[in-house]
Structures are given as structure tokens and as C-alpha cells.
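We did not get these values from a lab; they are worked out from the coordinates using the rules stated. Being a predicted model, the structure only gives us computed values, none of them experimental.
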Amino acid sequence: SQSKTDLVVGNRMNNPATMPWVRRLTNRFMSWQIGNLCRYELPDSQCGYRLASRRLLSVLLQSSDGFAFETECLLLAARNGYSIDFVPIRTIYRAEQSKIRPARDTFGYFQVLSKHLIQHAPAEQVQQLPFGGTEVSDQG
């Protein structure tokens, strides 16, 4: 049987006991934060196990690469009305070196979040700042 879900994402958070505690806390925070942005409950926003429908692929080509891909992939799918589902997977961590680079990846993550906040804010809430940036106001 074929699924009608556009994006299937692995969910390691049903049993995260083997996940390092820093990753567990970071993942829960990021999943909560990204879920609020796309108005979708996201149990595991950072899992790399993903399966996308053919019709979603053109939308995903607009996303960043690297660490920010997981975040932007979910934001693009949710904001464009595609269905997202999560499937439980096992969490396996071995002694391998992490590919996460905290400073670079955090910067990339916040760039993606700010890009999506600005793109989807009502025009009257976006203000140009004197140094060339933008600010999104929550007043309105």
C-alpha cells in the first residue's frame, strides 16, 4: 500500500535512553521551537532519516544544505501544506566522532529560523534596521 504522506521522518525520541543527554535536550528544544514556527507537533526535528514524496522534492530543493537542512526541510514542507508523519526508529550511538560543529551549526540554524520568520511575517511587522538587517515585531 502506498502512503499519502509527503514527508516521513524518523523519531528517536520515543526511547532516547542511548542518546547523549546534550543532544537529547538540544533536540527537544529545537523540535519545540521549530514546531511552533510551522505550527506542527515535531517530536524529532533533527533526525536525518527522511523519505520525501516526489511532489515535495521541488520544494526541498529550496532548502539549505548541511546541518540546517533538517530544520528548513520541515519548515518548507509544513508552510507549503505538505503532510508530515513520524515513524519510531531506534537510537544508536557508537564511539564515532560527531560531525556537529557547535558554532557553525548554531549560526546556520538561526539563519534559517530568521529567514523563515521574516518571509512569513505580515509586512507591517517587518522593519528595516539601520545596519541593513531586519526585525520582526510581535505587535500587531
Give the long-range amide H neighbours of Ser45: residues separated by 5 or more places, or on another chain, with amide H under 5 Å away, using H modelled in the peptide plane at 1.01 Å from N.
Ser31
Scalar couplings 3J(HN,Hα) for region 71-79 by Karplus 6.51 cos²θ - 1.76 cosθ + 1.60 (θ = phi - 60°), nearest whole Hz, x for Gly and Pro, are 5, 5, 4, 5, 4, 5, 4, 5, 5
